[in-house]
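The structure under discussion appears below in the form of structure tokens.
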Amino acid sequence: MNRDDERERALQSVGHWQSRTRPLVLVLSGPGGLGKTALAALIARALGDRYPFTDGVLSVDLDEFRADSVLDPGDVLSQLLESLDVAPEQVQAQYAARCRQYWNRTSDVKLVLLLDNARYASEVIPLLPASGSSVVIVTSHGPLRDFEAGAAVELALPPLDERAATELLELIVRDDRLAADPEATRAVIRLCNGLPAALHVAGRWVRTHRLRPLSRLLADLRTELDEKGVSGVERLWDTAYDDLSPSAALLYQLLAHHPGETFTLHSATALSGLGLEGCRDALEELDRAGLLDLRQVALTEAGQMRLPGPLRAHALRRSRREAVEGDVAEAEMRLVRWLVRQAQLADRFTAGPRLTVVDLLDPVGDVPDIPLVDPEEAVDDGARAERAARAARWLEEERHVLFACSRLAYSRGMDTEVVALSEPVWTHALDHPQQSGVIEVFRRAVDAAVRHGGNAGWLVRTRCQLARPLWESEELDAAQEQIDRAISALELLGGSPRERILAASAVEHRGMLKGARGDWNGALADFTAARDRHRAIPNPYGVLLQTYRMGEASAKADSLEAAHHLLSRAHSGFVEEKRERLIGRSAFALASVLHRLGRLEDAHEFYQKALGQAERRRSGIDLARVHDALAELETAEGHQDQAEEHRVAARNFRSRNGLG
């Protein structure tokens with residue numbers, strides 16, 4: 001297992017321990033099932049091999065001394081004194097006297113003490129040996145934060161990574177099927193979420209069914225873990241859960257129903273209805289109980305947390321047993337509305353004001369919005385760009401939650417929310433195409449619009465949205481079907497400005513599909529027609545966007561001077577309007593035309609501008625294509641080393657983002 005780092009850190013801590021007045025305390029913390037007890041034993045053995053602990057190793061499971069979840073330290077001291085060769089009849093009866101007796105007995109010893117399943121630092125402190133030459137190894141489901149500064153070294157155990165989990169599974173069960181079907185083996189590993197206890201269950205399952213292919217075992221193993229839990233750990237989780245306050249227990253139950261694998265403080269607040277402070281207290285209580293690991297919060301900008309799969313299944317089992325009928329549905333619908341509103345805000349801050357077919361949803365109760373700031377309120381262009389980029393990063397980090405939220409909303413019949421979610425996913429997909437889940441979000445939005453049946457604008461917009469990832473996936477005929485149906489629905493639209501913009505957008509999408517088919521003259525005609533529609537509304541942004549489209553089409557049709565003229569106008573307009581994504585993309589298109597016109601120095605300037613915009617948005621596809629273009633430009637200028645650097649960067653971005 002990949003516990004070598006923790007074991008070596010423990011050994012180094014012992015070697016560096018300078019105090020001779022108190023023992024070193026090593027705290028192994030993490031949820032049940034991570035193998036803390038096994039690691040504690042390994043560390044104890046390693047200490048015995050490296051350092052002469054002449055008085056041996058003592059081990060106590062504190063859970064064995066609890067009554068109604070309360071620990072009696074006097075009983076533990078009795079056990080320890082007897083292990084130190086104090087006869088039972090000589091153990092002091094009074095607790096204070098027993099403490100002094102233990103202190104005196106351990107003042108000159110050199111031992112390793114293992115204390116398993118501690119819940120609070122206050123439980124450990126009375127059990128510490130008096131000698132500074134001793135080492136105490138404590139395991140705890142949650143962090144023990146009450147030790148004085150420098151009095152303990154915490155070794156927080158993460159789940160096993162895939163390599164280590166595979167090695168452990170191969171040690172648990174020797175079976176040729178693991179090597180013969182690596183994809184099914186990886187699926188088993190993912191199902192166990194890096195928990196050694198779950199891997200032992202999986203290993204037992206594989207041993208029991210010797211004749212079945214691993215791929216056929218997966219569904220049954222998933223059912224086993226979901227319905228029965230992880231043997232040997234389920235009791236620990238139940239015990240921790242039974243000690244929770246009502247608010248923390250409620251939150252734990254509801255987290256099993258949170259869409260996606262991750263959640264945040266704000267989304268948990270929306271789900272639970274506990275209010276921000278109440279939810280924060282409940283999350284910290286779950287952390288102390290070992291049913292959640294708050295160390296994850298700092299790892300992402302959005303502050304994401306997660307329940308590992310087996311713990312989530314445990315929370316779901318408790319929810320099914322104890323949740324009040326209707327509470328889960330109410331919580332899910334409240335969370336969906338909150339998530340949709342946050343996605344709408346992030347969309348607006350990322351892309352700026354634009355066409356949408358669902359207005360911004362109202363705030364949800366007393367749940368605050370996510371801490372994003374409107375770029376329009378920035379005092380300078382740099383701050384504006386950073387705020388827009390921050391909103392785009394939120395969409396990227398939360399994309400899987402939004403995809404799952406779309407499924408949940410559709411299952412709850414929330415058609416407005418399903419259609420509304422398609423807009424921020426659209427904005428995200430412009431920078432991150434070819435991500436699994438995007439097409440399904442758009443398909444679901446079309447289905448919701450059809451199911452609703454009362455909004456022609458939804459039908460036009462959602463079909464255009466679905467068409468784009470279809471043609472980007474080279475499903476041109478399927479995309480054509482969606483565009484044709486969107487165009488057919490135009491006759492159902494009225495004459496409001498929004499509906500007229502929708503009609504122009506549908507013509508634009510028809511032109512984009514023609515471009516995907518290589519018909520750039522046809523595309524140019526549609527973009528020109530769409531621009532005329534925007535002028536008639538009037539819609540200046542639409543005119544600007546179609547000018548950009550016309551410039552791209554002209555470049556593809558080899559009308560370079562016309563393309564240069566159109567793209568220059570569009571780029572200047574996007575800069576004036578502060579449209580961050582389109583500033584970058586129009587700069588790239590303009591640089592490409594300048595390159596073809598032989599104006600290499602000007603092309604380099606605009607490529608660098610496009611690169612900076614792509615970096616701020618973390619757009620993998622834009623970063624890859626700009627580096628490709630710069631490699632070609634550097635080659636033309638004879639700079640082979642720089643060209644190779646750009647080619648390597650482009651390959652890395654494509655590989656990292658799953659781009660072909």
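The values are calculated or read from the model by the stated rules, or taken from the named source; none is laboratory data. Note that this is a predicted model, so its numbers are computed, not measured. Positions of Cβ are generated from backbone atoms using ideal geometry, with glycine treated the same way; all protein chains shown enter the neighbour counts.
Computed quantities for the displayed model
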{"read-out": "Of all residues in the range 482-491 being at pLDDT 95 or above and surrounded by fewer than 15 Cβ atoms within 10 Å (Cβ to Cβ), the one that is nearest to Thr547 (Cα to Cα)", "value": "Asp484"}
{"read-out": "Single residue of Arg485, Arg451, Arg463, Arg443 found to be without any contact (Cβ under 8 Å) to a residue 40 or more places away in the chain, farther than 30 Å from Gly518 by Cβ and among the charged types (D, E, K, R)", "value": "Arg451"}
{"read-out": "Helices (runs of 4 or more DSSP H) wholly inside the range 315-415 containing at least 1 residues that are outside the structural domain of Ser247 (by TED's automatic domain parsing) and touching a Cys at 6+ places or on another chain (Cβ under 8 Å)", "value": "327-351"}
{"read-out": "Residues (surrounded by fewer than 16 Cβ atoms within 10 Å (Cβ to Cβ), assigned to a helix (DSSP H, G or I) and not aliphatic (A, V, I, L, M)) located in the range 527-543", "value": "Asp532, Arg535, Pro540"}
{"read-out": "The range 258-290 - residue that is touching a Cys at 6+ places or on another chain (Cβ under 8 Å) and surrounded by 22 or more Cβ atoms within 10 Å (Cβ to Cβ) and, of those, nearest to Pro368 (Cα to Cα)", "value": "Thr269"}
{"read-out": "Yes/no for Ala67 being within 20 Å of Ile125 (Cα to Cα) and exposed (fewer than 14 other Cβ atoms within 10 Å of the Cβ)", "value": "yes"}
{"read-out": "Check on Ala248, assigned by TED's automatic domain parsing to the domain that holds Gly309, out of contact with any Gly (no Cβ under 9 Å at 6 or more places or on another chain), in contact (Cβ under 8 Å) with a residue 40 or more places away in the chain and of a type in the set (A, V, I, L, M, F, W, C)", "value": "yes"}
{"read-out": "Selection status of Asp116, in contact with a strand residue (DSSP E or B) (Cβ under 7 Å, 6 or more places away or on another chain), assigned by TED's automatic domain parsing to the domain that holds Ser59, of a type in the set (Asp, Glu) and not in a helix (DSSP H, G or I)", "value": "yes"}
{"read-out": "Residue that is farthest from the chain's Cα centre (by Cα) [pool: residues in the range 496-526 that are surrounded by fewer than 16 Cβ atoms within 10 Å (Cβ to Cβ), of a type outside the set (Ser, Thr, Tyr) and assigned to a loop (DSSP other than H, G, I, E, B)]", "value": "Gly518"}
{"read-out": "Matching residues, the range 366-385, being closer than 14 Å to Gln342 by Cβ and not acidic (Asp, Glu)", "value": "Val367, Pro368, Ile370, Pro371, Leu372, Val373"}
{"read-out": "Filter result (over 29 Å from the mean Cα position of the chain (by Cα) and part of a helix (DSSP H, G or I)) within the range 461-484", "value": "Leu476, Asp477, Ala478, Ala479, Gln480, Glu481, Gln482, Ile483, Asp484"}
{"read-out": "Every residue from the range 27-85 that is in contact with a strand residue (DSSP E or B) (Cβ under 6 Å, 6 or more places away or on another chain), acidic (Asp, Glu) and closer than 16 Å to Val112 by Cβ", "value": "Asp61"}
{"read-out": "Yes/no for Thr106 being among the polar types (S, T, N, Q) and touching a helix residue (DSSP H, G or I) at 6+ places or on another chain (Cβ under 6 Å)", "value": "no"}
{"read-out": "Those helices (runs of 4 or more DSSP H) lying entirely in the range 3-88 with at least 2 residues more than 30 Å from Glu167 (Cα to Cα)", "value": "73-83"}
{"read-out": "Filter result for the condition that a residue is in contact (Cβ under 8 Å) with a residue 24 or more places away in the chain and surrounded by fewer than 18 Cβ atoms within 10 Å (Cβ to Cβ), over Asp220, Asp243", "value": "Asp243"}
{"read-out": "Residue check, Phe606 over 29 Å from His639 (Cα atoms), aromatic (Phe, Trp, Tyr) and free of Cβ contacts under 8 Å to residues at least 40 places away in the same chain", "value": "no"}
